[in-house]
Structures are given as C-alpha cells and as structure tokens.
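Comments concern the structure below.
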Amino acid sequence: MILKEFRELRRDPRTLAMLIALPLLLLVIFGYAANFYVSSVETAVMGPSAQQVSTSLPPFFDVTQTDVDGSTAQATDLLRENKVDVVVVTGSTPAEQSTALVDGSNLFAAQSTVSILNKLGDQVRTEVLFNPELKTSWVMVPAIIGLILTFIGTIVTSIGLVREREAGTLEQLAVMPIRPSQVILGKIVPYFLLAALDMTVVTVLGMVLFGVPFNGNVLIFALGAALFLFVVLGLGVLISTISQTTGQAIQTAFLFLMPQILLSGMIFPLDAMAAGVRWIGYLLPLTYFTMISQGVMLRDAPISSLWLPLVVLAVMAIVVFTGSTLRFRRDLAPDVSKASKPEGSKSVDPTGADAS
C-alpha cells in the first residue's frame with residue numbers, strides 16, 4: 001500500500017510540486033523577503049540650502065535630487081508622483097530648521113524615515129503626507145482589494161474549463177463553429193462582471209469601515225482594475241487549460257497565488273527584499289495593481305506617473321490571453337479533426353491507397 005501511494009505521487013507532478021517546491025519557496029521568501037525594515041529611502045532636497053543640507057543627512061537618506069529653487073508645492077508633486085520617498089525642504093540658511101515631507105502611502109519606508117528623523121531632534125520638522133497617522137489599514141486596504149480579486153479571479157475561473165472537461169461537454173465546444181479566443185472570452189466575461197461588482201463593494205466597504213480615502217481619479221482606478229482583472233481571469237483560464245481535474249486546477253492556482261501574496265509588496269516592502277527575490281515580485285500582476293490602487297486612492301497620482309504599471313498590466317493581459325487561446329486551440333485540435341470525420345468514413349492517401 002505504501003509503495004502504491006509513492007507510485008501515485010510520482011505520477012502526479014502537481015502534488016509533488018506542492019510538497020517540495022512550495023516549502024522551498026516559503027523558505028526562500030521568508031529568508032530573503034521577510035523584512036519590514038527599509039535600509040534607505042530615495043530623497044530629494046530642495047530650497048536655498050539644498051546643497052549643504054544634502055551632505056549633512058544620515059546615510060539612510062539616498063539623495064537623488066537637489067534643487068535650490070524647489071518649492072514646497074514641487075516637493076509635494078514629487079511625492080504624489082512617487083518619484084522619491086522623502087523631500088527635505090530647506091530654509092535660507094543651513095542652520096534654519098528644515099521640513100521633511102514623507103510619503104505616508106509607502107508605509108514601511110515612512111515608518112523607518114520618521115524614526116530616523118525623530119533622532120535628529122529640532123533640526124528637521126517632520127510632516128507625513130497622504131497618510132498622516134501612518135495607519136496600516138490605509139495602505140493595506142488598496143492592496144487587499146487586489147488580493148481578493150486575485151483569489152476570486154484565479155481560483156473560480158481556473159475550474160471553468162475543467163468542469164467542462166469533467167462533464168464531457170468540452171468536446172461539444174470543440175465542434176461548435178466558434179474560435180478558441182471566443183470561448184476564452186465567453187469564459188472570462190461573466191467572471192469579469194462579477195469580479196468588477198465585488199471590487200466595487202470591497203472598495204466602498206474599505207472606505208466606510210476603515211476610513212480609507214479615495215483622493216484620485218475614478219477612471220484611472222477603473223482602468224487599472226480592468227486590466228488587472230483581465231490578467232488574473234486569463235491566468236485562471238490558462239490554469240484550467242493545463243488541468244484535467246478540479247483538484248489539479250486548485251493546486252496549480254495556489255502555486256500561482258502564494259508568490260503574489262508574499263512577494264507583491266503587500267506584506268513585505270519590495271525595497272527591503274533581496275534583489276533576486278524583489279525581481280520575482282516585479283513579475284507579478286498584484287504588484288502593479290497595488291501601485292495603481294495606492295497611488296490613486298491615497299496620493300491622487302496622475303496617470304502620467306502610473307503609466308508604467310498600466311502598460312505592464314496591459315502587456316501581461318495580452319500575453320496571458322494569447323497563451324490561453326493557443327493552449328486551448330492545441331488541446332482541441334485533435335478533437336476537432338476527429339469530430340469532423342464522419343463515422344465509418346475512409347480517408348484517402350495521397351498515393352491513392354485507402355486508409356480507415
């Protein structure tokens with residue numbers, strides 16, 4: 001009986017992946033990514049004494065910009081567009097008290113920054129923007145919106161075509177006069193509409209229950225959410241095309257979900273991760289939706305500062321949809337040829353010989 005179970009496991013690579021790959025993944029993630037402390041923050045220094053003050057800041061502040069003519073309004077715009085994490089606005093002389101504007105939407109970096117600035121005493125006055133009280137809920141709710149949509153889109157959709165295969169109706173889809181891309185769209189659209197409704201409900205509840213503001217443009221948020229939904233729903237369909245049973249689909253979906261939960265920057269800040277693990281996070285769609293949702297809801301970020309995550313999600317959507325369509329077409333191609341051949345008919349060999 002024991003040997004039989006080992007043979008069954010050997011024939012089921014997905015279960016083996018869950019038993020072997022997932023623990024290794026968790027070990028690597030928690031070893032290299034489980035770090036809440038940010039070692040440095042990108043900093044801009046503005047004002048008449050920008051050059052002198054920038055050289056006197058602690059090494060924690062990675063000064064990337066100095067502008068002696070910069071104003072407080074320009075400093076706020078830099079933070080709103082997520083170009084830096086901190087802007088130090090200096091006075092007319094180095095001895096005059098400076099003001100450090102901190103981006104509160106980047107929670108972990110802001111907490112580390114405020115802690116360092118408090119040690120400087122009266123030299124710098126600290127002002128936190130976009131999340132003045134550094135509430136965790138303000139930062140987590142926009143990310144949790146994406147996480148909920150990821151769970152719903154990936155798991156629910158992943159069993160769509162699998163149910164067709166298990167019910168024996170996939171062959172009927174194969175002989176219907178519709179293209180694989182139309183089948184994929186037909187599977188995605190109903191879940192897309194339901195997930196969009198869920199997103200609206202979750203967003204409104206997050207604002208009502210936790211007081212999370214919505215400072216930005218609703219249309220930018222809707223565009224980012226639509227692209228993100230298309231990606232996760234497409235992933236669900238892609239998983240269903242490579243799965244034979246519902247159990248396989250759910251197992252594969254969890255293998256896709258775990259990295260998104262742990263490496264998207266929602267729990268652990270991307271800036272605090274090791275470089276190799278951080279780049280895995282940059283391959284995940286939830287990473288980019290979190291950038292969009294936090295930018296729009298908390299900072300009122302313009303679309304010009306969010307073009308990169310929007311473009312990345314659009315590219316991901318195209319790649320995933322294309323992959324799902326090609327995979328589905330490949331799976332159905334043999335069935336189509338069989339279904340189009342009448343029972344009892346003979347095929348003619350090009351040489352003239354009959355073949356049954």
To the nearest 10 degrees, how steep is helix 180-210 against the longest Cα principal axis of the chain, on a 0 to 90 scale? 30 degrees
Mind pulling up the Rg/Rh value for the stretch 136-332? Radius of gyration and Kirkwood radius, both on Cα. 1.00
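Of the beta bridges DSSP finds with both residues in the chain, what % are antiparallel, to the nearest 5?
Taking every DSSP beta bridge within the chain, about 25 percent pair in antiparallel fashion.
Tell me, what % of the accessible area of the chain is carbon and sulfur with a 1.4 angstrom probe?
C and S fraction of accessible area: 64 percent.
Using alpha-carbon pairs under 8 Å, 6+ residues apart, how would you state the relative contact order of the chain in percent?
Numbers: 531 pairs, mean separation 69.0, N = 356.
That works out to 19 percent.
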Computed helical MRE - 222 nm, the chain, DSSP H runs ≥ 4 contributing -39500 (n - 2.57), nearest 500: -19000 deg cm²/dmol
GNM top mover of Gly121, Gly153, Gly211 - the chain, alpha-carbon springs below 10 Å: Gly121
Tell me, what is the per residue accessible area of the chain in Å², probe radius 1.4 Å? 50 Å²
What's the extension gain from Leu26 to Leu219 if we count 0.36 nm per residue and subtract their Cα-Cα distance? 65.8 nm
Between (1) 46, 22, 16; (2) 26, 25, 21; (3) 52, 22, 18, the structure-derived semi-axes √(5λ) of the Cα gyration tensor in Å is (3)
Among 258-268, 100-110, how do they line up from the highest to the lowest mean number of other beta-carbon atoms within 10 Å? 100-110, 258-268
Dipole-positive endmost among Val212, Met291, Ala253 within the stretch 136-332 (Cβ charges, Cα centre): Ala253
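At most 14 other Cβ atoms within 10 Å plus a DSSP loop assignment makes a site exposed; report the longest stretch of the chain without any exposed trypsin sites (Lys or Arg not before Pro). Numbers along the way, then the final one.
On the way: sites that count: Arg11, Lys119, Lys346.
Answer from the scan: 120-345.
Using only the heavy atoms of the protein chains and a 1.4 Å probe, how would Thr99, Thr66 rank by accessible area, largest first?
Sorted by accessible area, descending: Thr66, Thr99.
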Degrees between helix 307-339 axis and first principal axis of the chain (Cα, 0 to 90, nearest 10): 10 degrees
Between the helical axis of 22-32 and the dominant principal axis of the chain, each derived from Cα atoms, what acute angle in degrees is found, rounded to the nearest 10? 10 degrees
Note down the accessible area of Trp138, probe 1.4 Å, to the nearest 10 Å². 40 Å²
Approximate spin-label separation Ser39-Ala95, in nm, with each point projected 7 Å along Cα-to-Cβ: 3.8 nm
Asp67 and Val201 label points (each 7 Å along its Cα→Cβ direction) are spaced in nm at 4.5 nm
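The values are calculated or read from the model by the stated rules, or taken from the named source; none is laboratory data. This is a predicted model, so every value here is computed, not measured. Glycine gets a Cβ as well: all are built from the backbone with ideal geometry, and neighbour counts include every protein chain shown. When the accessible area is computed, the model is the full protein with side chains, heavy atoms only, and any ligands, DNA or RNA have been set aside. Shrake-Rupley method; radii C 1.70, N 1.55, O 1.52, S 1.80 Å.
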